[in-house]
Amino acid sequence: MTEPQPTVHPIDARVQQIAALLPFPVQLDADMGGTFVLQIDLGLRGGVDDPHDTAGIDPDYPRWWVDIEGGERTYISDLGLDADPPAVADWIATTAQRQQCPAARGADNAREA
């Protein structure tokens, strides 16, 4: 008997889709200490041991959020898991740019060059 192939969690698939729509490059990280779903890494502000800025959606309270410096400041949208992906990407990008997340600043620097 063969083992069934693992499937991508629906939230992980949506996070991947949203990340691909952002106007700046990002990496995805698995939150293995909390929600156990993918998060969008918006960059590191401080030293290597400092928390990153991140974005994602909580499976238990399905609203998209952006955390600054590991939750020093958190912004929660009204957008749920089934929200229009371009609208979610726009909200995350706008929030990241307003909060000067490193990933968004890199996009600003690339446009200025």
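Descriptive notes on the structure:
- Count of residues meeting criterion [at pLDDT 95 or above and open to solvent by 70 Å² or more (accessible area, probe 1.4 Å)] in the range 76-99: 6
- Here is the figure for the range 32-63: residues that are free of Cβ contacts under 8 Å to residues at least 40 places away in the same chain and either polar (S, T, N, Q) or part of a strand (DSSP E or B) (or both) total 5.
The values are calculated or read from the model by the stated rules, or taken from the named source; none is laboratory data. A quick note: this is a predicted structure, and the numbers were derived from the prediction, not measured. Ideal geometry is used to build each Cβ from the backbone, glycine not excepted, and the neighbour counts take in all protein chains shown. Accessible surface is based on the protein model in full, side chains and every heavy atom, while ligands, DNA and RNA are left aside. Shrake-Rupley method; radii C 1.70, N 1.55, O 1.52, S 1.80 Å.
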